[in-house]
Every structure is written in C-alpha cells, then in structure tokens.
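Student: One structure is given below, represented as structure tokens, and several questions about it will come after.
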Amino acid sequence: MGQSVSRDDFIWTLTEQPHMSRREAIVKKYPEVKQLFGVDPSLKYVVSSMVLFQIFMCWMLQDADWILILLEAYFCGGIINHAMTLAIHDISHNTAFGNKHPLKNRFFGMWANLPIAVPISISFKKYHVEHHRYLGEDGLDTDVPTAFEAEFFTTSPKKLLWLALQPFFYAFRPLIIYKKAPTDMEILNAVIQISFDLGILYFFGLKSLIYLFFGTIISMGLHPSAGHFISEHYAFKEDQETFSYYGLWNLCTFNVGYHVEHHDFPYIPGRDLPKLKALAPDFYDNLHQHTSMMNILTEFVMNPAMGPYARLKRKPRVDQEFYGNYQLFEYVEGFLHHIGVYRLQKFAGNVFDLNNNEKKLN
C-alpha cells in the first residue's frame, strides 16, 4: 500500500491531439455521421424530471434521521447529482437547444445546476471549451493535475485521499492554473444557485440542504460515479490519450463513458454516442477501453505506474486570456436602448457641449 509511483513527470508529447484527424477520417469514410449532429430532444425532460425529483427528496427527508440523510445522499442523491454534473457537461455543448440558442442552453444549465447546491454550470462551460480545444496543453487544460498534486499524491493511501478530494481540486485547480475574470453569467449563476439553496433551507431545513450538498461532494470523490474522472484521460496505455468506458454506469452519466467518441465529435449528444461507435467500429474497437468503474479506481490506487503524473501534456500553442465572453451585455445594452437611456445620455451630452461652447464664445 505504501509503494510510491514510478513516474516523476508527466508524459510530454510533441504530437497533436488525435481527435481532429480521426474526426476527419470518420467523416470522409462515413459521411452519414453528420446525421447524428445536433440536439437531444429528450434532454430537457430527463434533466427537469431529475431536478424535480431532488426537490421532492428534500421534502421527503426534511425530518429524517441524519444516518438516513447521509445514506440517501450517497446511494441516491449522489448518483443523481453526479448525473446532473454530466448533464451540464452535455448542455455545455449546446445539445439541449442547439448552437443557435446559446443563451437558452446556459439558462437550462443553471436549471440543471440547482440540485448540485454549488454554482458550477457557467464556469464549467468556460473552462471545458479550453479542454477540448487545447487538450493536455500546459496552462490551458485545467483538467490536468497541478505539479503539487502529482508530486504529493504518490503512494496508494495518498492517491486514495486524492480521489476523495477530487471535487475540491476540480473547483480550485482552475484558479491556480488558468485564472479568468468572472463573467456576468457566472455571477447570475451564483445568485440563482444561492437563492435556491436558501429556499431549500427555509422551506425544508438544514437536513435537506446537507442531503444535496453532501451528495454532490461524495459522488465526485469516493464514489463509482467518479471513476470517469480517471478513465477519460489517465494513461492506462501510454500511446493513447483518451479512453472510453463501456459499462452500465453510462446509464447514469449521459454516456460520458464514450469519451473518445465525445472528443472526436463534441457536437453529437451523449444519447447518440453509442450510435457513433456502432457506425465506425473500425476506429474504436482497437483502442484500449474500460468496462468496470471499480477496476479503474482500484488500478489507479494500487498500480505504481498510475497517479496524477499519468497524463499526456503538450507545450501551449496560445497565451492565456483573462477576460471572457459577457453574454448578457448585448441584451442589457438592447434593453437600455429600448427604454431610451442612450437617447437621454446623448441629449445630456449635447446640452453640456452647448454650455461649454457658449463659455468658449464668451
């Protein structure tokens, strides 16, 4: 159990990520793959039913024993809340309403965010774009562990602790690796989430709020659902960068296990990723793949070759950007135009200019 990991650095590579070239090859050989692009019409109903179910559970558990609260959070609420984080992942690719309606997708992501108890939807979108575009690039892909994580969590007990702390590393790692200015949508996401949490606290009490919050924290750490954090990009095979998991947990995770397929075609909804694999088996069947979440977690903890260093990295192609996209600004600007604020501002400016000119003439 105390054996230290065998790696002392990340796996640096000079090659480009494989997903773009594989995408081009699949489209060329199977042009009908484009029929899978677009919206998952069932997503909005599935997500909404899960949000409402969690609110129902808050009502059911408001007077429950603390032991039952924690057990329900692990075995029920945790699975649902982790699923909601992956629904947010799917929604971040505009699969709920399509690319023509980005604002609808962002607000729907906030709706999916509610049971999670912590505002993550908009921030996740902001950094996840970089993860796809600059996979493994130093300082750009915040999915890659920091040097501290890789150097400290080197033995099996420490790796087990690292797994338990995953929600905190995913929350704070971007603030260390790639700082970005908060956007208007992030602030709105936080206001809506805090208002919902206060509503749960007021109407159902502390136990219901703990049920939601603990379910989120535990399901992203020592929980089978969290196995996908390890299965997706940790180098179980050194010459492969992304790995897929084909097992039952995909039923609870919006098919996030089909991760090679997802990176190849991020605009195919999770529901249709199995169709992509079935369409192009010659591109996927020969890759290393996972079939058990528990085996993934066990091997990561026990195998000296595995650890936070077991990730492919590249030199960055571009510089970091501090400021992001402020989606609400154009709507606020349009509203101000509509109510005449800019006309009033122009009128006031002309008046002041006229006074200044009169003074100059005198």
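The values are calculated or read from the model by the stated rules, or taken from the named source; none is laboratory data. Source: prediction; values computed, not measured. Reconstructed Cβ throughout: ideal geometry from the backbone, glycine too, with neighbour counts over all protein chains shown. Heavy atoms of the whole protein, side chains included, go into the accessibility calculation; ligands, DNA and RNA do not. Shrake-Rupley method; radii C 1.70, N 1.55, O 1.52, S 1.80 Å.
Student: From the list Val51, Val39, which residue is farther than 23 Å from Met220 by Cα and either open to solvent by less than 80 Å² (accessible area, probe 1.4 Å) or in contact (Cβ under 8 Å) with a residue 60 or more places away in the chain (or both)?
Tutor: Residue meeting the stated conditions: Val39.
Student: I'm trying to understand the selection: among the residues of the stretch 219-270, which are in contact with a strand residue (DSSP E or B) (Cβ under 8 Å, 6 or more places away or on another chain) and at pLDDT below 95?
Tutor: Correct list: Glu238 only.
Student: Just for the stretch 166-217: of the residues that are assigned to a loop (DSSP other than H, G, I, E, B) and either outside the structural domain of Pro308 (by the TED database) or in contact (Cβ under 8 Å) with a residue 24 or more places away in the chain (or both), which one is surrounded by the most Cβ atoms within 10 Å (Cβ to Cβ)?
Tutor: Among those residues, the one meeting the criterion is Thr183.
Student: Related question: When both residues are 6+ apart or on different chains and their Cβ atoms are under 8 Å apart, which pairs have a first residue that lies in the stretch 253-275 and is free of Cβ contacts under 8 Å to residues at least 12 places away in the same chain and assigned by the TED database to the domain that holds Thr242, and a second that is assigned to a helix (DSSP H, G or I) and not polar (S, T, N, Q)?
Tutor: His262/Gly270; His262/Leu273
Student: How many of the residues in the stretch 247-287 are among the charged types (D, E, K, R) and part of a loop (DSSP other than H, G, I, E, B)?
Tutor: 1
Student: Given the condition aliphatic (A, V, I, L, M) and more than 30 Å from Phe214 (Cβ to Cβ), answer yes or no: does some residue in the stretch 53-75 qualify?
Tutor: No: zero hits.
Student: Search the stretch 251-272 for residues being open to solvent by 10 Å² or more (accessible area, probe 1.4 Å) and not aliphatic (A, V, I, L, M), and hand back the single one that is farthest from the chain's Cα centre (by Cα).
Tutor: Among those that are open to solvent by 10 Å² or more (accessible area, probe 1.4 Å) and not aliphatic (A, V, I, L, M), it is Asp272.
Student: Continuing with the same structure: Being open to solvent by 80 Å² or more (accessible area, probe 1.4 Å) and free of Cβ contacts under 8 Å to residues at least 40 places away in the same chain: is that true of Lys29 here?
Tutor: No; evaluated as a whole, the condition is false for this residue.
Student: Related question: If you go through the stretch 1-26 one residue at a time, how many are polar (S, T, N, Q), open to solvent by 60 Å² or more (accessible area, probe 1.4 Å) and assigned to a loop (DSSP other than H, G, I, E, B)?
Tutor: Of the residues in the stretch 1-26, 3 are polar (S, T, N, Q), open to solvent by 60 Å² or more (accessible area, probe 1.4 Å) and assigned to a loop (DSSP other than H, G, I, E, B).
Student: Restricting to the stretch 229-248, name every residue that is among the acidic types (Asp, Glu) and either open to solvent by 30 Å² or more (accessible area, probe 1.4 Å) or more than 16 Å from Ser292 (Cβ to Cβ) (or both).
Tutor: Matches in the stretch 229-248: Glu238, Asp239, Glu241.
Student: Can I ask one more? Since His89 meets every condition but one in (1) within 19 Å of Pro167 (Cβ to Cβ); (2) in contact with a Leu (Cβ under 8 Å, 6 or more places away or on another chain), which condition does it not meet?
Tutor: (2)
Student: Tell me, please, whether a residue that is closer than 26 Å to Leu273 by Cα, within 23 Å of the chain's Cα centre (by Cα), open to solvent by 60 Å² or more (accessible area, probe 1.4 Å) and in the same structural domain as Ser156 (by the TED database) can be found in the stretch 105-112.
Tutor: yes
Student: Turning to a different aspect of this structure: If you take just the helices (runs of 4 or more DSSP H) that sit entirely in the stretch 51-153, which of them hold at least 1 residues that are within 30 Å of Arg7 (Cβ to Cβ) and of a type in the set (D, E, K, R)?
Tutor: 121-133, 147-152
Student: Also, I was wondering about something else. Can you work out which of the residues in the stretch 1-22 that are out of contact with any strand residue (DSSP E or B) (no Cβ under 7 Å at 6 or more places or on another chain) and of a type in the set (A, V, I, L, M, F, W, C) is nearest to Val318 (Cα to Cα)?
Tutor: Checking each candidate, the answer is Leu14.
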